[in-house]
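A quick write-up on the structure given underneath.
Coordinate-derived values only; no laboratory data. Fair warning: this is a prediction, and the values are worked out from it, not measured in the lab. Note: ideal-geometry Cβ built from the backbone for every residue, glycine included; neighbour counts use all protein chains shown.
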Amino acid sequence: MVDAMSKKRIVKEAVKKEVEAAIEKPDRRKKHIDGIIKTVIASTLGILSGVICFYFLAPTTERPENFSYLLLLLAFYIQKPIYMQLGMDLAQFNWKDWFYIAFMTLMLWFITWTLLLN
C-alpha cells in the first residue's frame, strides 16, 4: 500500500514539474528577448547621445556651458516611453534593470564621446 502511494506521489510530482516547465519556457524566452531589447536600446541611445555631444555641444570659448549631462539624462529618461511602446511590462522592472539601463547608457555615451574627441 505504501509502495503504491509513493508511486502515485512520484507521478504527480513529475506531472507537476512538466506543467511548470511548460509554463516557464515562454516566460524565460520573453525575459531573454526583453533583456536583449533593453541592451540594444540603451546602447543605441548612449552612442547617439555621445555623437550628438561631439557634433553639437563641442566646448568653445564663446559658450562655456556644457549641456552634455542634460543630454545624457534625456537619453536615459526617453527610454521609459520607448519600452512602453514596445509592449514591455515596466512593472516587472526592478532597480537592477534600471541601474543596468542607466549604466549602459552612461558608459556608451562616455566611450563614444571620448573616442570622438581624440
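Expressed per residue, the C-alpha convex hull volume of the stretch 30-117 stands at 89 Å³.
Work through the residues other than Gly87 whose Cβ is under 11 Å from its Cβ and net out their charges, Lys, Arg +1 and Asp, Glu -1.
Numbers: positive: Lys30; negative: Asp34, Asp89.
Around Gly87, the surrounding residues sum to -1.
Under 24 Å Cα-Cα from Lys16, which lysines qualify once same-chain neighbours fewer than 8 residues away are excluded? Hits, sequence-local ones excluded: Lys7, Lys8, Lys25, Lys30, Lys31.
What does the charge add up to near Ile101, with Lys and Arg as +1, Asp and Glu as -1, over the other residues with Cβ less than 13 Å from its Cβ? Local net charge: +1.
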